[in-house]
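Colleague: One structure coming up, written as C-alpha cells, with questions to follow.
The values are calculated or read from the model by the stated rules, or taken from the named source; none is laboratory data. Since the model is a prediction, treat every value here as computed from it, not as a measurement. Keep in mind that these areas ignore ligands, DNA and RNA; they rest on the heavy atoms of the full protein, side chains included. Shrake-Rupley method; radii C 1.70, N 1.55, O 1.52, S 1.80 Å.
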Amino acid sequence: GALARAASAEVPGEMSKTVKQLDRYMRRDWLMPSFGHAVTCAALDATRVLQERGLKELDLGPFVQHAKVGNSPQVRAAAFRCIARLTPLQPGLLGLLVGVVRSEMVPSVRLSILQSLLDGPAQRIQRAGLLAAATAANIGLVESMWE
C-alpha cells in the first residue's frame, strides 16, 4: 500500500522505481521467505493498486504466476484476490474465477476468491445502485457454481 501511494504522486521516474522495488521485494521473499510470504502478498496487492489506478499497465502475468499450484496457499489466495479485484477491467475473468472455485482443492484459497468476488465487483454494483439483469448466462453461471 505505501509504495503504491508513493508512486501515485506522478513524480517522473518514481513509477519505474516503485515497480523495480516491488519486484526486488518479491524476489527476496522467494529466497528468504517471510512468515506466510506476507511480503509477496503485500507486493502483489500494491501492484494491483497501481494497475487499478492506471499508473501501471494492466498485466495479469504476475498474478497468474503466483496463483499457480506450487506456491503457498497464502500467496495463491493473494494473487486470486488481486485477479478478482481486477475483474471490472477484464470482464472475462469472472468465468475463469468461478471455474477455479469449482476445481480448487485448498479451502482457504476457494474462500478467498469468493470473498474477493463478493467484496469487489458485487459491492461496486450495489454501491452504484445498478440492477444486474438476470440473464440466462448469469443464471447458468450461478447454477454451475452449485454443481
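Colleague: Show log10 I(q)/I(0) for the stretch 2-118 at q = 0.10, 0.15 Å⁻¹, two decimals, from a solvent-free Debye sum over equal Cα scatterers.
Modeller: -0.29, -0.65
Colleague: Oh, and also: Please give the length that would be gained between GLN65 and PHE35 if that part of the chain were fully extended, namely 0.36 nm times their separation in residues minus their C-alpha to C-alpha distance (nm, one decimal).
Modeller: Extra length from GLN65 to PHE35 when fully extended: 8.8 nm.
Colleague: A further question on this structure: Once neighbouring chains are kept in place and the probe is 1.4 Å, which whole percent of the accessible area of the stretch 2-118 is contributed by carbon and sulfur?
Modeller: After summing per-atom areas, the C and S share lands at 60 percent.
Colleague: Counting heavy atoms of the protein chains only and a 1.4 Å probe, report the per residue accessible area for the stretch 2-118 as a whole number of Å².
Modeller: Per residue, the stretch 2-118 has an accessible area of 56 Å².
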